[in-house]
Amino acid sequence: MTVGMRLLQPLDINGMVLPNRVVVPAMVTRLSGEDGVVQSDIIDRYVRYAAGRVGLIVVEATAVHSAKSGPLLRLSDDVFIPGHRELAQRVHDTSASKVVPQIIHFMKVARSGWRQTIETLEIADIEGIIHDFGLAALRAREAGYDGVELHAAHAYTLSSFLSRRNRRRDRYGGHTLEGRLALFGEVFAEVRRRVGNDFPVGVRFLAEEAIKGGYTLPEAQQIALRMAQLGVDYISLSVGGKFEDAEQRPGEPLYPYTGYSGDRCMPGDWYPAQPHTHLAAGIKSYLNERGFATPVISVGKIAEPERAEALLRDGQADLIGMARQLLADPDWTLKVIEERSDEIIRCVYCNVCKDLDERFKKVTCFLWPKGQIQAPDNRARGPSPCWPPEGASLSGAGADGRIRLSWSPVDGPGAEIAGYDIYRADGFGTVQCVEAVKGRRFVDRLALSGQTYRYFVRAFDHDGRTSPPSETIAITMAMRESSSD
Ligand SMILES: Cc1cc2nc3c(=O)[nH]c(=O)nc-3n(C[C@H](O)[C@H](O)[C@H](O)COP(=O)(O)O)c2cc1C
């Protein structure tokens, strides 16, 4: 089945040969200290992705300047190079995965709610930003990375210039698309000048700002065209994640993923799968029709190998980015290669990782064993989990808009389980894994009264091996009595 899969085909990006089409997009880990130095936990996190055989690892947002922030990596000085050198080396020693850092410039935010905006930047500040990006990219090259990615997405400086809400009146804005693109163009030229033509330089930007008055696909297509004309080596797309609609929480610095645009950036469990693939497809076709083959990375709740494969086969993307899914299961690619896709631990998009990021806490996955800061590495393959001889004893009842389920624990040698997948089939025959839980209870709050639902449960261990399905039970919640009479 894997033979001929596009997902597993290599891709040459300006001399950086990815062994396959799977990408870990940048994901802040909060594993670094305030000093911004790469240390062993960070290296372990990225080596784990390499062991899982992903094609490209984008190392979390790494500051080009020395402005104060929470725990964040840096390439703002030569002193940071040795740590990055070790990270890149360890990844290369582990597998054929390629690794690039995402380099970022951000503006100041204060706990009071004040934040610096691009409209206040003087020309000298802008020159400083261009200079800092150039030097950080050069350090990435000196550290032995395979390339570098410019962060021009979300709430950060380059993105704010590209924004339709850029209010500068000079040549870096001026209410024109050319003005909005000017800083990116100058940053890119400086980065190229520093790193040379033979070093891959990718970009991440927004396919849609997802804020009131923000740009949408037609302008994103033109921005992508300009980036391709400038010679960026790949384009990674994201959506939203802006300050403009972020919630101000008293005493806390503004976090750009708290508003609607934040939901769009990291769509939660209530969003459909793959809500943004049409945007990447729209940008890819726009570029291809104009003669550019710049690889495009599609991201956003992509998790199923067959659906990822279909995106590549149908020409909707060149590369598949998965952030939370690869955090949950860094062996995703390996399992696809070994035809063990049924053992993939599915991300449940609960966004615990996002909440940890927001609170500057070490970013881990809800599905990992409690207290662990890396994904479990259970390569010694034991028996699959199994139910006790009398079965799972799944039972449930519905009332007040809730269907409550409970079941017996898994037994025997496979009892080291990570959680339980809950499957639900509605009366129209659609079966869906609706949730993963760690305990032995589940409350379904999204059921309609008068409708019959069938449920079954499967236990899974930390290696993704699952038990057989439990028995299936059918539950119908009584219709609520009307309160109007
Ligand atoms: C904890 C966390 C940290 C993130 N940090 C970054 C980051 O440093 N840079 C970036 O461009 N995107 C960042 N993102 C966004 C992801 O790269 C990705 O675009 C988003 O999670 C949607 O993809 P997914 O549905 O596959 O998770 C982060 C996401 C999460 C959950």
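The values are calculated or read from the model by the stated rules, or taken from the named source; none is laboratory data. If you're wondering where the values come from, they're calculated on a predicted model, not measured in any experiment. Heads up, the Cβs are rebuilt from the backbone with ideal geometry, glycines too, and the neighbour counts pull from every protein chain shown. With ligands, DNA and RNA removed, areas are computed over all heavy atoms of the protein, side chains included. Shrake-Rupley method; radii C 1.70, N 1.55, O 1.52, S 1.80 Å.
A few remarks follow.
- Residue within the range 31-50 that is in contact with a His (Cβ under 8 Å, 6 or more places away or on another chain) and either under 14 Å from Phe80 (Cα atoms) or within 16 Å of the ligand (Cβ to nearest atom) (or both) present: yes
- Residue among Arg324, Arg359 that is within 13 Å of the ligand (Cβ to nearest atom) and within 15 Å of the chain's Cα centre (by Cα): Arg324
- Of the residues making up the range 226-256, those that are open to solvent by 30 Å² or more (accessible area, probe 1.4 Å) and assigned to a helix (DSSP H, G or I) are Arg226, Gln229, Leu230.
- Where Ile302 falls short, out of the listed (1) open to solvent by 20 Å² or more (accessible area, probe 1.4 Å); (2) within 14 Å of the ligand (Cβ to nearest atom); (3) part of a loop (DSSP other than H, G, I, E, B): (1)
- Residues (touching a residue at least 60 places away in the same chain (Cβ under 8 Å), in contact with a strand residue (DSSP E or B) (Cβ under 9 Å, 6 or more places away or on another chain) and either assigned to a loop (DSSP other than H, G, I, E, B) or not assigned by TED's automatic domain parsing to the domain that holds Phe243 (or both)) located in the range 259-297: Pro267, Asp269, His276, Thr294, Pro295
- So Arg111, is it open to solvent by 30 Å² or more (accessible area, probe 1.4 Å), part of a helix (DSSP H, G or I) and either in contact with a His (Cβ under 9 Å, 6 or more places away or on another chain) or over 25 Å from Leu237 (Cβ atoms) (or both): no
- Considering residues of the range 322-351 that are modelled with pLDDT under 95 and touching a Phe, Trp or Tyr at 6+ places or on another chain (Cβ under 6 Å) only, the residue nearest to Val28 (Cα to Cα): Cys350
- If you go through the range 319-359 and keep only what is among the acidic types (Asp, Glu) and surrounded by fewer than 23 Cβ atoms within 10 Å (Cβ to Cβ), you end up with Glu338, Glu339, Asp342, Glu343, Asp355, Asp357, Glu358.
- Selection of strands (runs of 3 or more DSSP E) fully inside the range 405-480 by the criterion of at least 2 residues being within 29 Å of the chain's Cα centre (by Cα) returns 417-425, 431-437, 441-444, 452-461.
- Matching residues in the range 188-222 - criterion: being within 16 Å of the ligand (Cβ to nearest atom) and open to solvent by less than 10 Å² (accessible area, probe 1.4 Å): Val201, Gly202, Val203, Phe205, Leu206, Ala207, Glu209, Ala220
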